[in-house]
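Structure first, then comments.
The values are calculated or read from the model by the stated rules, or taken from the named source; none is laboratory data. Here the structure is a predicted model, which means the values were calculated and not measured. Virtual Cβ from ideal backbone geometry, glycine too; neighbours counted across all protein chains shown.
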Amino acid sequence: MEAEGEKGGAPANGDAPQPAAEEPPKKSVRRVGAKPPVEREPHSLYCFGLKNPIRKRLIDIVENKFFEAFILLAICGTCLCLAVFQPMPAGDTTAVNEFLEEIEVSSQ
C-alpha cells in the first residue's frame, strides 16, 4: 500500500507543505503619458545653458506636435512640387512651371 504523501494528499511525515518559490520582483509600470527624462548637453553652441530661456523656448517649439506636422507638410509639399515640375529643353515652359518658379524662394 502507498503512503498518503505519495498520492498527493498530506505529506506522510507530517511536515507542512513547502511554500511556493518567491516571485520575481514586479516590473515598474510606465504611465501612458509619462516620458523618460531626456539627457541634453549642458551647453548648446557653447553659450546656452540648460536653464537659458531662449534654449527652453526653442526646445518647446521643436518638441511640439504641431511643429512636427508642419515639417512633414513642408516635406510633402516640396516632393509634390518636384513631381509636378516639367523640365523642358531650350528654355520652354508651361503655366505650372511658371507658377512654381514664382513661388520659389530665391536668394537674390
If you check Lys7 against the conditions, is it of a type in the set (Lys, Arg) and modelled with pLDDT of 75 or more? no
Among what's in the stretch 55-97 and is surrounded by fewer than 10 Cβ atoms within 10 Å (Cβ to Cβ) and among the charged types (D, E, K, R), pick the residue that is nearest to Arg40 (Cα to Cα). Lys65
Scan the stretch 27-57 for residues that are modelled with pLDDT of 80 or more, aliphatic (A, V, I, L, M) and more than 19 Å from Phe67 (Cβ to Cβ) and report the count. 2
Count - residues of the stretch 60-93 that are part of a loop (DSSP other than H, G, I, E, B) and at pLDDT 90 or above: 2
